[in-house]
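Enquirer: One structure coming up, written as structure tokens, with questions to follow.
The values are calculated or read from the model by the stated rules, or taken from the named source; none is laboratory data. Fair warning: this is a prediction, and the values are worked out from it, not measured in the lab. Cβ placement follows ideal geometry from the backbone for every residue including glycine, while neighbour counts extend to all protein chains displayed. Ligands, DNA and RNA are excluded from the accessible area calculation, which covers all protein heavy atoms including side chains. Shrake-Rupley method; radii C 1.70, N 1.55, O 1.52, S 1.80 Å.
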Amino acid sequence: MIKVMIAKPGLDGHDRGAKVVARTLRDAGMEVIYTGIRQTPEQIVQSAIDEDVDILGISILSGAHMKLVPKILELLREKKASVPVFVGGIIPDEDVDKLKEMGVIEVYGPGTSTSEISEQVKSFVEHSDT
Amino acid sequence: MSNIQTHEYELLKGMEKRERRILAKVLSLCESDPGKANILLGKLPKSTAHIVGMTGSPGIGKSTLVNAILNEMPERRVAAIAVDPSSPFTGGALLGDRVRMQSHATSENIFIRSFASRGSLGGLSPSIYEACNAFESFGMNYVIVETVGVGQSEVDIVNVADTVVVALSPDNGDEIQMMKAGLMEIADMFVINKFDNPKSQILLSRLRAAMAMGRKEIPIYLTNALTGEGVSDLVKALNERFLTISSNGVLKKRRKNRLIHHAQSTLKRELDFLIEKIDLEEEGIDLDGLRRKLIHALCWNHSESRK
Ligand code: B12
Ligand SMILES: Nc1nc2c(ncn2[C@@H]2O[C@H](COP(=O)(O)OP(=O)(O)O)[C@@H](O)[C@H]2O)c(=O)[nH]1
Ligand SMILES: [Mg+2]
């Protein structure tokens, strides 16, 4: 059973994408924990650890990704949690590579097909499992 | 093998040192391999927590109420277990109760964990007993279990919890109707939530009327989970009840009942596992033959796992 957390950091309320992705992954047979909007990096990281999720998905449309994502990755490292992170939302091309360099496994922009997301999450977790 | 032993040692040490990260792993073990979890937990000292079941139809405000209860227990070590339904078709689940409790995500004394109901028809997680035991071994004072709130889970919670809180709200007009399905029997306390809604007065008088016909007097608490109004009274009542049942024998009785149901669920799980492996193609197998075969397999399985 794959356990995923979908988290929405930042001060904005753009939650449609996060909810669409959460439902998509549920329909693909995963257990999906949704945190709700306006989560601090601290809340997200502690929740991911307490729920012992296999993978953490972060949705950001506000433009604050270059602040929020590094903070989340740093806290995960600090707490010795090796949870892979993927990101979705409005992320300019030039930032996609930077985020990946920091360790984000994949970045998904607007219009990404939901089946592509669930297939990639599945294959990623299955391959990192062993 | 030695790898498994190191792993077990690490989990035991971590639980003793109250490491949150380790508790999270042990809870995962409860879900993925409850048999192993039971053996592990058996090696740990256990304290007794007040296990509170929170049940009632979806949308009544159970998760919000649990959050409000957490607000009122700043100095206690509290675990919140939230169970949401798994899809019988895909096995997937959307676990959204946590959203209402996120203000406590980083509280040092509070641990929130979401469970999917998985195969369990009752709607409680099949690992619910193991999960409660894990929290008790971790030294929690309270374990609050929020049920899915439909079907059998409403009644099954009585086999898990020391105290069952049945939540009602004026949104769900047919609530009193539902009482007939056994809620009156399992409730140790009633909460009428969303008391800010004027219609809750009608619900309150109906509930009182329904109770007047029954044999036992069950206390009713009125809450607004969003503002926290009335919640301190509920928490006070929970604390007092735990003292009472600890001394009057009720807690002992509930725990005995719980142990029986835990054993039943463990055996059922083992049986399900064996049934999957057993050869049903055998010529002429009948009821008695199958029964014997399963009993034999169960005993053999048991002696093997003890080695
Ligand atoms: C709908 C919308 C709103 C709605 C939000 C409703 C809601 N509850 O979500 C409303 C009207 C409330 C709104 C408000 C605002 N918005 Co607006 N909004 C949009 C809009 C038009 C569409 C977003 C959307 O819902 N798309 C549909 C969903 C399904 O797609 P998605 O989120 O992109 O998700 C997909 C992928 O990105 C990916 N994905 C997303 N998250 C995740 C997570 C994971 C883990 C994965 C794997 C994938 C993934 O998968 C999804 C499926 O393909 C966008 C513009 C745009 N075209 O994107 C602007 C936009 C996001 N908004 C914007 C702004 C500025 C605002 C406001 C600040 C405007 C204002 N000045 O008032 C306010 C903020 C209010 C607030 N406090 O939050 C800007 C953000 C600018 C920036 N990033 O620099 C945008 C980009 C518009 C623009 N071009 O300027 N907005
Ligand atoms: N007005 C009012 N709304 C409430 C109250 N408690 C919960 N709610 C709302 O009821 C909805 C369902 O709450 P939730 O806790 O998710 O219910 P659950 O499904 O029983 O867990 C949410 O929108 C809450 O904000 C209350 O006391 N008063
Ligand atoms: Mg709920």
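Enquirer: Please count how many residues of the stretch B:58-75 are in a loop (DSSP other than H, G, I, E, B) and either within 9 Å of ligand 2 (Cβ to nearest atom) or open to solvent by less than 60 Å² (accessible area, probe 1.4 Å) (or both).
Expert: Number satisfying all stated conditions: 5.
Enquirer: Could you check the stretch B:219-231 and list, in sequence order, the residues that are surrounded by 15 or more Cβ atoms within 10 Å (Cβ to Cβ) and not in a strand (DSSP E or B)?
Expert: Within the stretch B:219-231, B:Thr223, B:Ala225, B:Leu226, B:Gly228, B:Gly230, B:Val231 qualify.
Enquirer: Select, from A:Val87, A:Val32, A:Val53, the only residue that is assigned to a loop (DSSP other than H, G, I, E, B) and in contact with a strand residue (DSSP E or B) (Cβ under 7 Å, 6 or more places away or on another chain).
Expert: That would be A:Val53, the only listed residue that is assigned to a loop (DSSP other than H, G, I, E, B) and in contact with a strand residue (DSSP E or B) (Cβ under 7 Å, 6 or more places away or on another chain).
Enquirer: Could you list all residues from the stretch A:43-52 that are open to solvent by 10 Å² or more (accessible area, probe 1.4 Å) and touching a Ser or Thr at 6+ places or on another chain (Cβ under 9 Å)?
Expert: A:Gln43, A:Gln46, A:Asp52, listed by residue number.
Enquirer: Considering every residue within the stretch B:283-293, establish whether at least one is open to solvent by less than 60 Å² (accessible area, probe 1.4 Å) and hydrophobic (A, V, I, L, M, F, W, C).
Expert: yes
Enquirer: Oh, and also: For a quick check of your reading of the model, give me the residue pairs whose first member lies in the stretch A:52-63 and is under 9 Å from A:Phe86 (Cα atoms), whose second is within 16 Å of ligand 2 (Cβ to nearest atom) and among the charged types (D, E, K, R), with beta-carbon atoms closer than 6 Å and at least 6 apart or on different chains.
Expert: Final answer for the pair search is none.
Enquirer: Also, quick follow-up: Scan (1) touching a residue at least 60 places away in the same chain (Cβ under 8 Å); (2) within 16 Å of ligand 2 (Cβ to nearest atom) for the single condition B:Ala37 breaks and write down its number.
Expert: The single condition B:Ala37 does not satisfy is (2).
Enquirer: Considering only residues that are in contact with a Leu (Cβ under 7 Å, 6 or more places away or on another chain) and more than 14 Å from chain B (Cβ to nearest Cβ), which ones fall in the stretch A:66-83?
Expert: Listed by number, the list holds a single entry, A:Val69.
Enquirer: Which of the residues that make up the stretch B:14-29 are open to solvent by less than 50 Å² (accessible area, probe 1.4 Å) and either polar (S, T, N, Q) or not in a helix (DSSP H, G or I) (or both)?
Expert: B:Ser28
Enquirer: A further question on this structure: Is one or more of the residues making up the stretch B:165-188 under 24 Å from B:Pro85 (Cα atoms), open to solvent by less than 10 Å² (accessible area, probe 1.4 Å), at pLDDT 95 or above and more than 16 Å from ligand 1 (Cβ to nearest atom)?
Expert: Yes, the stretch B:165-188 contains at least one residue that is under 24 Å from B:Pro85 (Cα atoms), open to solvent by less than 10 Å² (accessible area, probe 1.4 Å), at pLDDT 95 or above and more than 16 Å from ligand 1 (Cβ to nearest atom).
Enquirer: Applying the selection to the stretch B:132-149, what residues are hydroxyl-bearing (Ser, Thr, Tyr) and in a strand (DSSP E or B)?
Expert: Passing the criteria: only B:Tyr142.
Enquirer: Can you name every residue in the stretch B:84-111 that is of a type in the set (D, E, K, R) and more than 12 Å from ligand 2 (Cβ to nearest atom)?
Expert: B:Glu108
Enquirer: Please work out if B:Ser103 is open to solvent by 20 Å² or more (accessible area, probe 1.4 Å), in a helix (DSSP H, G or I) and within 14 Å of chain A (Cβ to nearest Cβ).
Expert: yes
Enquirer: Can you tell me which of B:Arg113, B:Arg98 is in a strand (DSSP E or B) and open to solvent by less than 20 Å² (accessible area, probe 1.4 Å)?
Expert: Just one listed residue meets the conditions, B:Arg113.
Enquirer: Still on this model: Which residues, taken from the stretch B:75-96, are of a type in the set (Val, Ile, Thr) and within 13 Å of ligand 3 (Cβ to nearest atom)?
Expert: Matches in the stretch B:75-96: B:Ile81, B:Val83.
Each row is one residue, and each column tells you yes or no for (1) at pLDDT below 90; (2) out of contact with any Ser or Thr (no Cβ under 6 Å at 6 or more places or on another chain); (3) at positive phi; (4) of a type in the set (Ser, Thr, Tyr).
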{"residue": "B:Gly228", "(1), (2), (3), (4)": "no, yes, yes, no"}
{"residue": "B:Ser232", "(1), (2), (3), (4)": "no, yes, no, yes"}
{"residue": "B:Leu238", "(1), (2), (3), (4)": "no, yes, no, no"}
{"residue": "B:Leu243", "(1), (2), (3), (4)": "no, yes, no, no"}
{"residue": "B:Ala263", "(1), (2), (3), (4)": "no, yes, no, no"}
{"residue": "B:Thr266", "(1), (2), (3), (4)": "no, yes, no, yes"}
{"residue": "B:Phe273", "(1), (2), (3), (4)": "yes, yes, no, no"}
{"residue": "B:Gly289", "(1), (2), (3), (4)": "yes, yes, no, no"}
{"residue": "B:Glu304", "(1), (2), (3), (4)": "yes, yes, no, no"}
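Enquirer: Would you check if there is a residue in the stretch B:76-87 being of a type in the set (S, T, N, Q), in a loop (DSSP other than H, G, I, E, B) and at negative phi?
Expert: The answer is yes, given that some residue of the stretch B:76-87 is of a type in the set (S, T, N, Q), in a loop (DSSP other than H, G, I, E, B) and at negative phi.
Enquirer: Right, something else. Please verify whether the stretch B:69-90 includes one or more residues that are within 13 Å of chain A (Cβ to nearest Cβ), small (Gly, Ala, Ser) and over 17 Å from the mean Cα position of the chain (by Cα).
Expert: Looking through the stretch B:69-90, at least one residue is within 13 Å of chain A (Cβ to nearest Cβ), small (Gly, Ala, Ser) and over 17 Å from the mean Cα position of the chain (by Cα).
Enquirer: Please go through the stretch A:1-42 and give me each residue that is more than 16 Å from ligand 2 (Cβ to nearest atom), within 21 Å of B:Glu108 (Cβ to Cβ) and crowded, with 21+ Cβ neighbours inside 10 Å, ordered by number.
Expert: Residues satisfying the conditions are A:Met5, A:Ala7, A:Gln39, A:Pro41.
Enquirer: Can you tell me how many residues within the stretch B:76-95 are open to solvent by 30 Å² or more (accessible area, probe 1.4 Å) and either closer than 25 Å to B:Glu229 by Cβ or at pLDDT 95 or above (or both)?
Expert: So the answer is 3.
Enquirer: Return yes when B:Ser117 is within 16 Å of ligand 3 (Cβ to nearest atom), hydroxyl-bearing (Ser, Thr, Tyr) and within 20 Å of B:Val26 (Cα to Cα) and no when it is not.
Expert: For B:Ser117, the condition - within 16 Å of ligand 3 (Cβ to nearest atom), hydroxyl-bearing (Ser, Thr, Tyr) and within 20 Å of B:Val26 (Cα to Cα) - is met.
Enquirer: Next up: Please verify whether the stretch A:100-109 includes one or more residues that are within 14 Å of another protein chain (Cβ to nearest Cβ), within 12 Å of ligand 1 (Cβ to nearest atom) and surrounded by 15 or more Cβ atoms within 10 Å (Cβ to Cβ).
Expert: no
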